[in-house]
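The values are calculated or read from the model by the stated rules, or taken from the named source; none is laboratory data. In this text the structure is predicted, and so the values were computed from the model without any measurement. Positions of Cβ are backbone-derived with ideal geometry, glycine not excepted, and every protein chain shown enters the neighbour counts. Only protein heavy atoms, including side chains, enter the accessible area calculation; ligands, DNA and RNA are left aside. Shrake-Rupley method; radii C 1.70, N 1.55, O 1.52, S 1.80 Å.
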Amino acid sequence: MSRHPSFTEKSCLLSDDLRIKGKRKMSSEDVESRESLLDGQPNGHAKVVIERPVFSQQKFDEGFSPGSRPQTTFRESFLKSCRKCQCSKDCFLGFLYKIFPFIGIMKDYNIRTDLTGDIVSGLTVGIMHIPQGMAYGMLTTLDPVYGLYTSFFPVIIYFFFGTSRHISIGTFAVACLMMGSAIEKGLKSPNVHIITTCVNVTSSVTPVSNLTNETVQQFSLSCSDNTESVKLQIAMAVTFMVGLIQLVMGLTRLGFVTTYLSDPLISGFTTGAACHVFTSQIKHVFGISTDRYSGAFKLIYTYRDFFGNIPHTNAVTLIASVVCMVMIYVVKEYINNNPKIKPRLKMPVPIELIAVVLGTVIAYFINIESKYGVKIVGDIPTGLPVPTVPNFSLMPDVLSDAFALSIVVFAISVSMGKILARKHGYEIDSNQELFAYAITNMGSSFFSSFATSASLSRSLIQEHVGGVTQLTGLVSSALLLLVLLVLGPYFKTLPKCVLAAIIIVALKGMFRQFLELPKLWKLSKIDFLIWILSFLATVILDVDLGLLFGVVVAIFTIVYRVQRPYVCVLGQMPGTDIYRDVSVYKEAVEIPRVKIFRFENAIFFVSVEHFKNMLFKYTCNPRHVKQDIVEAENKIRKEKANFEKITFQNTTNEVELRVTNDDITEFCPTVEVPDVGIDTIILDCSTWSFIDSMGVKALTSVVNDFREINIKIYLAFCKAGIREMLEKTGFFSCLDRDNLFVSIHDAVLHTQHQISSSESDSDSPVDGSTEIVVRSVNGTTESTDVKS
């Protein structure tokens with residue numbers, strides 16, 4: 001325990017009583033061991049007895065010999081980094097485990113307890129991947145088979161580099177929608193030279209069955225009859241660019257940027273994106289066609305076409321869609337999510353897969369396409385795609401879409417990963433996750449897979465069914481491989497309306513986020529505003545523009561909060577040395593002729609004006625006081641001039657000469673400073689995290705302004721960083737170091753002592769030879785002067 005050289009402290013806890021007593025001016029050799037007893041309180045509470053000097057910051061530092069904060073030079077940082085790069089076995093293994101987290105996870109893998117859960121979870125998630133991959137693949141305007149590719153290749157790559165053990169990588173509605181938007185914009189790019197006279201870009205996707213296997217893998221921008229190939233090139237360019245952006249962010253340790261995407265922003269954005277997803281699928285439910293739009297007001301134009309084409313609704317398609325949606329909803333809500341039935345299920349009923357199988361079989365036997373005009377998926381090629389290099393010439397055109405997509409998929413995936421990691425007691429590395437997603441997207445772009453993301457529904461199912469590690473992904477990929485190699489062609493007759501029904505029912509969870517609004521309104525009006533504006537911007541404008549607008553609004557709210565923080569005046573809680581906001585605690589009493597001002601933020605270039613304005617508002621404006629003084633001086637000068645004029649008119653020349661001599665011309669009327677009811681202002685600096693050069697200038701200006709009207713400024717609770725900045729900028733040339741105190745109570749007691757001393761003996765001001773000793777017993781404070 002540190003001790004001040006002028007006093008000692010000894011504490012003794014007896015029953016519920018705590019006593020701390022000090023003795024002044026006692027050297028370490030003269031310290032005597034003492035024991036002080038206090039009577040027990042009737043209410044059984046402990047009480048505090050403190051006897052110590054009033055500490056200014058300078059006296060406190062002289063007694064306790066403070067050091068400077070540790071500061072590392074560039075050379076020291078460089079040498080420290082070099083020492084970390086020393087090659088050794090442990091260093092190499094640590095690097096290997098960091099780059100390939102699966103090594104450490106598999107090293108501790110328990111086959112007996114973990115394998116069963118991973119296999120069951122992998123089969124369950126794999127079954128979900130089949131319908132969701134095909135359905136969400138259709139969201140991107142590509143053929144459904146590319147959704148199956150995205151459910152297969154990225155999962156395998158993530159297994160080696162990812163740190164989350166429970167998230168399910170693959171297709172996700174919002175990411176697929178943003179990919180579709182990027183493809184639409186890419187088709188309009190001037191670099192895409194393609195003639196669309198034979199193939200309408202806004203019509204349904206050309207079936208892969210019309211193309212040979214070699215043509216599907218050869219992506220040529222000059223091909224005028226293969227719009228699907230051009231779309232695929234754009235999608236792969238976006239995916240590779242997403243991975244490249246994430247790789248740069250990972251190498252520069254920018255994993256923290258997602259913290260600027262708050263939960264209200266993500267919630268409002270994803271809900272708005274869900275409206276776009278719903279709009280893109282509702283035409284498949286009714287079996288009608290609408291043009292595809294991009295940019296602002298796309299939903300308005302789409303619904304204009306939709307309601308205009310409602311008379312052309314395909315009745316069979318509508319009936320099939322409604323039956324499918326009802327069936328999926330009933331099973332999900334009343335079986336899979338039923339609190340009574342859910343615990344008894346070893347795995348959720350794979351109702352989506354059941355709907356896909358039933359829809360495929362029924363459509364095959366009744367020949368639904370030729371008889372009733374219901375659109376079907378068409379041929380799905382067997383086998384795996386041949387690795388193809390993405391078209392790098394398209395990447396400059398898709399940079400903005402890729403950047404928005406990379407941020408969104410990373411934020412959603414990491415947020416889901418952190419939730420599950422906390423639940424199971426492990427941690428994920430955000431920067432390593434960035435690196436994992438980067439390698440996943442860049443690698444999968446060579447295999448006709450578009451940008452991937454963690455799925456909220458599949459991740460929860462994977463964790464609920466019993467998945468332990470990311471080995472679950474390998475099991476689900478094995479099931480997907482079976483579909484791609486063998487079972488794919490059997491889904492040829494699957495109606496697209498069944499996939500649309502699966503997507504629409506899956507949006508239920510996103511639309512339920514509307515229920516957050518009443519609670520959000522009660523918790524924070526600013527968060528409510530962020531949610532609403534992000535949602536409206538996403539719906540009215542577009543997905544990428546909505547995200548950008550939401551980020552701008554969130555940053556603006558941060559700037560607003562920083563620029564205009566909470567300010568208040570503090571008062572003393574009766575019988576204590578505790579000071580609280582007088583507007584919150586009604587018992588808090590302001591000290592007579594003293595204002596204690598708290599500004600709850602740093603003092604820097606953004607907040608200096610608000611700091612000065614609020615300080616003047618809660619205390620007094622010295623400029624107005626000085627203006628009153630100037631007006632009073634002018635009034636006196638005017639009266640003096642009138643008096644002289646009258647005197648000259650009524651006196652002899654001899655007197656006139658005497659009146660106009662130098663003594664009279666040098667006469668200056670004395671004007672007293674108006675009493676504003678304040679002698680001292682104490683600034684509570686405990687909430688100041690830092691101060692910059694403009695903040696110091698503002699503080700200097702405030703000190704000088706109040707000094708001109710005879711009001712003292714004291715600073716209390718200044719942190720070490722604040723004091724260092726004040727020292728560097730020469731602030732103590734305008735304010736003495738004795739005006740800094742270690743606490744508000746020290747500053748208040750010093751002020752009261754100064755006032756009482758000036759009242760008792762105005763001719764003997766208190767100087768450095770007097771020390772104030774404060775004795776606080778059970779909330780009652782007494783001050784005593786002790787002459788050195």
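At a glance:
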item: Amide H contacts under 5 Å for residue 589, placed H, 5+ residues apart; result: 572, 573
item: Estimated vicinal HN-Hα couplings, Hz - the range 138-144 in sequence order (Karplus 6.51, -1.76, 1.60; Gly, Pro = x); result: 5, 5, 7, 6, 8, 5, x
item: Rounded accessible area per residue of the range 307-443, 1.4 Å, Å²; result: 52 Å²
item: Accessible area per residue, Å², the range 698-738 with all protein chains present, probe 1.4 Å; result: 44 Å²
item: Accessible-area value, residue 723, 1.4 Å probe, nucleic acids and ligands omitted, Å²; result: 60 Å²
item: Exposure of residue 364 as accessible area (Å², to 10), given a probe of 1.4 Å and all protein chains; result: 150 Å²
item: For the range 585-600, 3J(HN,Hα) per residue [Karplus equation, 6.51 cos²θ - 1.76 cosθ + 1.60, θ = phi - 60°, Hz, x = Gly/Pro]; result: 9, 5, 6, 5, 10, 6, 6, x, 6, 10, 10, 9, 10, 10, 10, 8
item: Highest to lowest packing among 108-121, 408-421, 254-267, scored as the average C-beta count within 10 Å; result: 408-421, 254-267, 108-121
item: Amide H partners (placed H, <5 Å) of residue 378, local residues excluded; result: 494
item: Listed peptides 168-180, 500-512 by packing density, highest first (mean Cβ within 10 Å); result: 168-180, 500-512
item: Over 30 Å between alpha carbons, listed pairs 283/522; 332/418; 283/332; 47/617; 371/508; 346/418; result: 283/522; 47/617; 371/508
item: Estimated vicinal HN-Hα couplings, Hz - the range 697-709 in sequence order (Karplus 6.51, -1.76, 1.60; Gly, Pro = x); result: 4, 5, 5, 4, 4, 5, 4, 5, 4, 6, 5, 5, 10
